[in-house]
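Accompanying notes for the structure given below.
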Amino acid sequence: MSVAAFELTPANEASAPPAERDEVRLLVAQRGRPLVHDMFRGLPDHLRAGDLLVVNTSATMPAALSAGAVDVHLSTPVPGDDERWVVELRRCGARHRGHAGQVLELRDGGSIELLAPYLSPGRLWIAALDLPLPLDDYLAAHGRPIAYAHLAAPRPLEDLQTVFADEPGSAEMPSAGRPFSQRVLDDLFVRGVQVAPLTLHTGVSSLELGERPYPERYRVPALTATRVNAHRAAGGRVIAVGTTVVRALETVAAPNGEVAPGAGWTSVVVTPERGVRAVDGLLTGWHEPDASHLLMLEAVGGRELIERSYAAALGAGYRWHEFGDTHLILR
C-alpha cells in the first residue's frame, strides 16, 4: 500500500481517551526485523540501557474561542510579532474562510480582526486581538481545547496534557507523549533509559493537502543538547517522542549530527531527501493520509518499513488521533 493513499474508517478513530494513559497499543517497527505488536506499557522492553528519550514539555492551551457561530482557533504568534496571532476559523466543524478587515466579536467585549492571509490564502489569518484581559487570563476564562469531529464529546483541558507538560504554548497537544504514565517512566528508569526535555509549541494541525508545516517556536536547552551528544557518542540511541521533537532537534543539528542549544522559530521540514541527523528513532502516533508528517516518518524508517507498518496497523485495527495508539520506529 501507499502510505499516502489509505483511508480511515470510524473504527480506526479514537473518540475518547483510554481509562489509563498507557492502555493503548504499540507497534514496534525496525528495519530488517518483523513488526512487533505490544501495549504501550511494554515500551521499556523495546529500549535498552543508554537510550535517551527526548520529550516535548509544551502544554496545551485552551486555544478555541467562540465568535458567534464561528470558532476561532489560535495557532501561534506571528513570527517576530508576539502582539498578533495566526488563527484559523471554523464553523460547524468545517473550515470557514473569512476576509481581510473582518472583525469577529468575542465574549466579554473582546474582538479579533483579520488582517491578512498567512501563508495559505484564506485558511490561516494574521489577526489582531483586542481583549479585556491578558491573553492567558482571557483563554483561562473563555477558551476551550481545540477539538475535531472524531471526538465523541468535548474533553477537559487536563485530558489534553502530557505528563511532561510544564509550559503553556501549544494550540494542540504534542500527543506522542500522552501515553506515558508514572509506571512506564519508573520502568524506563530501572532499565537505564533516560529522558531529556525540549520545548516546541505546536500550531493547529489541520494542514490542507500539500501544505508544508509552518514556522513554530522551539527551545533546545544546553543540557539537553549536551546529553544528546553524549549518549550518541557512547553508542546510545536518541529517540524522539513525537514529530515536534524531531523538528526541534533537526533544527539545531549540524550535518554530522552534533546538536547545539538553540531557541527561536523553526521552518525546518524533514523529508526523506533531507534525512535525519540527530535522531535514531521516533515514537509517534498514527498520521492521517497525505499528512506531511508521513514524509518525516519515511526519513526515519524508510518508505518500505513505514508502508509495512501502516498496512499492519490498519489490518489490526489500530486507532488514530490524539487518544489513539502508538508507533515506535527504530533505525
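The values are calculated or read from the model by the stated rules, or taken from the named source; none is laboratory data. Worth saying up front: this structure is predicted, and the values here are computed from it rather than measured. Backbone-built Cβ (ideal geometry, glycine too); neighbour counts: all protein chains shown. The accessibility values were calculated without ligands, DNA or RNA, using every heavy atom of the protein model including side chains. Shrake-Rupley method; radii C 1.70, N 1.55, O 1.52, S 1.80 Å.
When Phe189 is tested against (1) at positive phi; (2) modelled with pLDDT of 95 or more, exactly one condition is not met: (1). What are the residue pairs meeting all of these: first residue in region 94-110, first residue open to solvent by 70 Å² or more (accessible area, probe 1.4 Å), second residue at pLDDT below 95 and among the hydroxyl-bearing types (Ser, Thr, Tyr), Cβ atoms under 8 Å, and 6 or more apart or on different chains? From residues that are open to solvent by 70 Å² or more (accessible area, probe 1.4 Å), the pairs are Arg95/Ser206. With respect to (1) closer than 22 Å to Val86 by Cβ; (2) part of a strand (DSSP E or B), the lone exception for Thr244 is condition (2). Exactly one residue out of Pro154, Pro132 is farther than 25 Å from Pro215 by Cα, over 19 Å from the mean Cα position of the chain (by Cα) and without any contact (Cβ under 8 Å) to a residue 12 or more places away in the chain, and it is Pro154. Being within 22 Å of Glu288 (Cβ to Cβ) and either surrounded by 13 or more Cβ atoms within 10 Å (Cβ to Cβ) or modelled with pLDDT under 95 (or both) is a description that does not apply to Arg41. Does region 90-115 hold any residues that are of a type in the set (A, V, I, L, M, F, W, C), at pLDDT below 95 and part of a strand (DSSP E or B), and which are they? Ala94, the sole residue that qualifies.
Out of Leu207, Leu133, Leu223, one residue alone is modelled with pLDDT under 95 and open to solvent by 40 Å² or more (accessible area, probe 1.4 Å). It is Leu207.
Criterion applied to Leu129, Leu200, Leu160 was being within 14 Å of Val55 (Cα to Cα) and either among the charged types (D, E, K, R) or touching a strand residue (DSSP E or B) at 6+ places or on another chain (Cβ under 7 Å) (or both), and the one residue passing it is Leu200.
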